[in-house]
Every structure is written in C-alpha cells, then in structure tokens.
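Down below is the structure, laid out as structure tokens.
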C-alpha cells in the first residue's frame with residue numbers, strides 16, 4: 001500500500017504545472033532547478049518589448065537574494081537602477097492567490113503590467129480576472145502580503 005502512495009505522489013509531481021516547482025519559501029520566486037528568478041526571463045523586456053523574453057547568462061545580476069537574467073546590458077542596467085519598478089510585484093507570486101492567503105509562484109508566461117508594475121500569475125484565468133478589476137485584487141493581495149511575506153524565508 002505504501003508503494004502505491006509513493007507512486008501516486010511521484011506521478012502527481014510529474015503532472016503539476018511547472019510553476020509549482022518554483023521555490024515557494026522564498027520572498028522572490030526562484031526556480032529550484034536553475035536558481036534563477038522568474039525562470040530566467042528578462043523582467044525589463046516585459047516593459048520594453050511587451051513580451052516574455054528569455055534572458056541570457058552573459059547579462060545577470062543578483063538582487064533580493066536571486067539571480068536575474070536579461071537579454072542585453074541596457075536592460076540589466078535599467079533593472080539595477082530601479083529593481084522596485086521592474087521586478088515582479090509580490091516577489092513574483094500570483095496576486096490573485098495572495099488575496100486568498102496562498103503563496104503560489106507566478107508563471108512568467110502569464111503576466112500583466114498594471115499601473116506601471118509587473119504581475120505574474122499562476123494561471124491564465126487569474127490574469128484575465130485580475131485584468132478585469134485590478135484594484136480589487138491588489139487590495140486583497142496587499143492586505144495579506146505582509147503576513148505571507150513574513151512566513152517566507154529571506
């Protein structure tokens with residue numbers, strides 16, 4: 001019987017969305033496999049190119065206990081000068097889930113810029129709901145974030 005429980009757990013991990021594999025005990029979402037923030041996507045490119053763009057190892061920086069990648073030196077320099085603007089809000093956690101009191105890693109492919117800030121979402125449905133009423137979701141997430149953030153490792 002224990003074998004089947006282990007097997008079920010193994011297949012459950014294999015079937016989960018890859019964003020669940022990101023560390024959820026960190027204040028910034030970091031891939032436990034690569035050690036990169038937001039899976040190596042360039043946070044500045046969301047603003048400049050309006051798309052999710054993979055960064056490269058030649059352009060990295062460390063910020064908030066995470067390694068961030070960029071597609072060019074200009075994007076890295078912009079991030080270093082203003083990480084509070086370019087880094088995803090709430091450390092990259094899904095603001096819809098935060099509003100429910102849950103820290104779930106956002107997926108860098110499900111994103112939205114609202115009020116000049118980047119938000120990542122665990123599911124497309126969350127992004128779409130947030131887009132319809134960002135003020136409501138931000139109010140709930142901001143209310144719960146300090147307590148959730150305290151429970152996350154530094």
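Rg of the Cα atoms in region 18-151, relative to 2.2 N^0.38 Å, amounts to 0.96. Computed extension length for residue 77-residue 116: 12.2 nm, one decimal, from 0.36 nm per residue of separation with the Cα-Cα distance subtracted.
Read the figures in this text as sums done on the coordinates, not as results from a lab. Everything numeric in this text was worked out from a predicted model, so none of it was measured.
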